[in-house]
Amino acid sequence: MVRQCAIFPRYWWRWIMVVLLVWMLISVPGFAAEPLAVATVEQRVKPDIFVTDALIEAVHQATLAAETTGRIKQIFFDVDDVVAQGDVLLRFTDKEQQAGLARAEAGQKEALARLVQARAEHTRIQSVFARKLVAKSALDKSSADLKAAEQRVKAAEADLREARQQLEYTVVRAPYAGIVVKRHVSVGERVRPGTPLMTGFSLAKLRATTSVPQSIVAAVRQHGEVRISIDHAEPVISQDITVYPYADAASHNFTVRAELSSVPAGFYPGMFAKAYFVTGEKPRLLMPARAVVHRSEVTAVYVVDAQGQVGFRAVRIGRSFAEGGAEKTVEVLAGLEAGEQVALAPVKAGVLLKAQRAR
């Protein structure tokens, strides 16, 4: 091994770093000339937030069921198809319903004919009774027959309406615009009233359902606001929330349902979301988020004192805040005090700190 040259110190690389730093401070245009940008750590009143998981649901979601007996004749839509309100989803065979309608129409015509006959008979009996040629009982009987004929007409009309309704049930239409998410039947399958046919929901109106502990339910009711967020999608603020009037017996949590005022891209029923409830306000120690640096597992900032000296200090930070177009800030939990200044250009502050130590 070649013996280390006597003209080079043992830690020669440190001297090379010092020379490079000095060269940057002296030679790079504007590097040392511009003052180090700093920000003051301030204490501000910020909302106290409770965060919990939520589930996105469709407000309009339903499983359509058969309302008459028949066999599936045609299916026009399948899973993931988009339908408009009133679109025909499927059709049944309608021979039984057509026969029932024909019987009801015939029954109505018969009832109308008997009503005409009963009215004519009642008119004739009234005329004869006025001349005192028949007994009062004959007039009473004709009046009763007329009323009975009128009631039979009403019954026949009700049967006709029911028969028409049964025929309409053979054509299943979409109750609202949405997406088909499940098909329960196939062509040729015989169904009866109550048999599930299709399941779908609408994306036009969504809501989020979550639960909160009993310790904050009063604050949730008082503030009446929640922010719903999913991954990188635009969050939605809802002020239309419903707090259930009872707690779950097992978890002792209260269910909260929030109606979303809008449906941003990326929100779909069944997705998990984060719900942020404002439960109050409290003072927090804040600094700009860009002042924070990460060195391995250490979170720190460069602190600048009144004499312009730079120091490296580990800190513990909390949640971040970003309101409108304002600069993003983070809460300082430990390591700093109000009034201290932190460098907003960590790279430049690090270079100045090494230059200070090399002097």
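Every read-out reported here was derived from the displayed coordinates using simple, explicitly stated rules and does not represent laboratory data. What you see is a predicted model, and the numbers here were worked out from it, not measured in a lab. Please note: Cβ atoms are built from the backbone with ideal geometry, for glycine as well, and neighbour counts cover all protein chains shown.
Once you've got the Cα coordinates, tell me which of 95/154; 109/141; 182/274; 328/354; 274/348; 95/147 are over 31 Å apart.
274/348; 95/147
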Aspartates and glutamates within cross-link reach of residue 132: Cα-Cα under 16 Å, excluding same-chain residues under 8 positions apart?
140
Among (i) 40.7, 154; (ii) 26.0, 96; (iii) 25.2, 81, which is the computed Rg and Dmax of the Cα atoms in Å?
(i)
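What's the FRET efficiency of residue 333 with residue 59 using the Cβ-Cβ distance as r and R₀ = 41 Å, to the nearest 0.05? Please report the intermediate quantities before stating the final value.
Numbers: r = 40 Å, r/R0 = 0.97.
Approximately 0.55, to the nearest 0.05.
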Taking the convex hull of the alpha carbon atoms in the stretch 72-119, what volume per residue do you get, in Å³?
80
In whole Hz, with x marking every Gly and Pro, tabulate ³J(HN,Hα) for the stretch 261-275 from phi via Karplus 6.51 cos²θ - 1.76 cosθ + 1.60, θ = phi - 60°.
6, 8, 10, x, 5, x, 9, 9, x, x, 7, 7, 9, 10, 10
Estimated D of the stretch 66-185 in µm² per second, where Rh is the Kirkwood radius over Cα pairs and Stokes-Einstein applies at 10 °C, 1.306 mPa s:
89
